[in-house]
Amino acid sequence: MTSSAQLERARIVDETIVARQSTRAFLDTPVSRETLSEILDVAARTASGANRQPWKVYVLQGRSRDELSQKVCAAHDALRNEPIASPTMREGYDYYPRQWVSPYLERRKENGWGLYGLLGIAKGERDRMHAQHQRNFKFFDAPVGLMLTVDERMMPGALLDYGGFMQNIMVAAQARGLATCAQAAWNSFQDIVLSHVGAAPGELLVTGMALGHADPKALVNTFRTPREPAQAFTSWLD
Ligand SMILES: Cc1cc2nc3c(=O)[nH]c(=O)nc-3n(C[C@H](O)[C@H](O)[C@H](O)COP(=O)(O)O)c2cc1C
């Protein structure tokens with residue numbers, strides 16, 4: 001390959017990675033099965049330890065998507081009224097730490113309040129926060145919801161493979177003009193999700209993901225998150 005072709009290839013790949021962002025408002029424009037299959041076939045090339053390929057994907061559209069949304073929105077509302085009685089809450093693994101520490105705590109707060117601030121939701125506006133959080137369980141109106149599961153016998157190492165797999169889905173979608181949002185919000189309702197999709201015994205929910213065409217007019221989609229530069233997290237050793 002000529003070096004100019006190589007530069008162009010790097011530019012396209014870099015731009016696609018950088019342009020990906022978590023999208024939280026989608027149009028109802030459908031995504032073809034052919035496109036979804038292409039994206040998943042590309043993501044299947046993700047590296048995994050011993051090539052174990054620990055991913056399993058459920059694609060929800062139409063009725064299966066709507067019915068899962070209804071079930072989980074109802075459970076989410078019930079939990080709000082009865083937070084102590086939460087038999088429906090059982091995550092397959094701890095995605096978030098039990099205790100947040102600096103500097104992650106500050107980043108989490110900046111992220112959360114940045115998003116709510118953009119939407120004009122102030123501290124203490126519990127109804128509006130609940131409603132915004134519940135948008136997760138409607139896949140932010142995306143026509144496609146993915147549920148990604150793993151065989152619990154491959155835990156916890158398979159989660160490392162899974163991070164790459166998710167990123168590749170998101171980047172392959174981005175390259176096709178589609179948007180995504182990874183959604184650990186579903187994990188608390190994994191019992192409902194797993195039974196809804198007909199998962200086999202021993203499958204854990206790794207995460208959900210919304211996928212579709214971004215709503216270009218939605219304010220929430222103007223939210224941009226900062227990053228530390230590589231220099232801040234890299235040590236160069238001679
Ligand atoms: C595994 C994973 C789970 C996530 N879960 C949620 C979620 O449940 N709801 C949500 O709105 N965003 C979720 N996010 C999106 C993150 O908040 C987002 O990636 C982060 O703030 C960086 O912003 P960016 O994706 O726009 O670059 C998740 C991201 C990852 C990687």
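Give the longest segment of the chain that steers clear of chymotrypsin sites (Phe, Trp or Tyr not before Pro) in DSSP loops with at most 14 neighbouring Cβ atoms within 10 Å, not counting the sites themselves.
The longest such stretch corresponds to 101-235.
Calculated from DSSP H runs of 4 or more alone, at -39500 (n - 2.57) each and per residue, what is the 222 nm mean residue ellipticity of the chain, nearest 500? Don't skip to the answer; put the middle values down first.
Details: 8 runs with 102 residues, N = 238.
About -13500 deg cm²/dmol.
Hey, any idea what Rg/Rh is for the stretch 43-148, computing Rh the Kirkwood way over Cα pairs? Mind showing how you got there, number by number?
Numbers: Rg = 17.1 Å, Rh = 16.9 Å.
Rg/Rh: 1.02.
Report the rotationally averaged projected area of the chain based on its alpha-carbon convex hull, in square nanometres. Walk me through the numbers before you get to the answer.
Details: hull surface 65.9 nm².
Hull-based average projected area comes out at 16.5 nm².
Using heavy-atom solvent-accessible surface (probe 1.4 Å) with all chains present, what is the largest-first order of 77, 14, 215? Don't skip to the end; give the middle numbers.
Numbers: 77 60, 14 90, 215 40 Å².
Ranked list, largest accessible area first: 14, 77, 215.
Report the charge-dipole magnitude of the stretch 1-154 in Debye, nearest 20, computed about the Cα centre from +1 at each Lys and Arg Cβ and -1 at each Asp and Glu Cβ. Numbers along the way, then the final one.
Details: 23 positive and 20 negative charges, 59 e Å.
The calculated dipole for the stretch 1-154 is roughly 280 debye.
Are there trypsin sites (Lys or Arg not before Pro) in the stretch 148-238 that DSSP marks as loop and that have at most 15 other Cβ atoms within 10 Å, and which are they?
176, 217, 224, 227
Report in % the part of the accessible area of the chain that belongs to carbon and sulfur, leaving out ligands and nucleic acids; probe 1.4 Å.
Working: 7630 of 14280 Å².
Here it works out to 53 percent.
For the stretch 104-178, state which GluC sites (Glu not before Pro) are in a DSSP loop and have at most 14 other beta carbons lying within 10 Å of their beta carbon.
For GluC sites (Glu not before Pro) across the stretch 104-178 that sit outside H, G, I, E and B with at most 14 neighbouring Cβ atoms in 10 Å, the list reads 125.
Please state the relative contact order of the chain as a whole percent: Cα pairs under 8 Å, 6+ residues apart?
Relative contact order of the chain: 37 percent.
Residue farthest toward the positive end of the dipole of the stretch 17-70, with Cβ of Lys/Arg at +1 and Asp/Glu at -1: which of 25, 48, 37?
After comparing all options, I get 48.
Which order do you get for 18, 42 if you rank them by accessible area with a 1.4 Å probe, largest at the top? Spell out each step's value before the answer.
Details: 18 120, 42 70 Å².
Largest accessible area first, the residues go 18, 42.
In terms of solvent-accessible area of protein heavy atoms at a 1.4 angstrom probe, what is the ranking of 123, 109, highest value first?
123, 109
May I ask you to derive the relative contact order of the stretch 175-238, considering only C-alpha pairs under 8 Å and at least 6 residues apart, and to give it as an integer percent?
Over the stretch 175-238, the number comes to 37 percent.
Could you report the chain's accessible area per residue, 1.4 Å probe, as an integer in Å²? Please report the intermediate quantities before stating the final value.
On the way: 14280 Å² over 238 residues.
Result: 60 Å² per residue.
The values are calculated or read from the model by the stated rules, or taken from the named source; none is laboratory data. All values derive from a computational prediction rather than experimental measurement. Positions of Cβ are backbone-derived with ideal geometry, glycine not excepted, and every protein chain shown enters the neighbour counts. Accessible surface areas use protein heavy atoms only, side chains included; no ligands, DNA or RNA. Shrake-Rupley method; radii C 1.70, N 1.55, O 1.52, S 1.80 Å.
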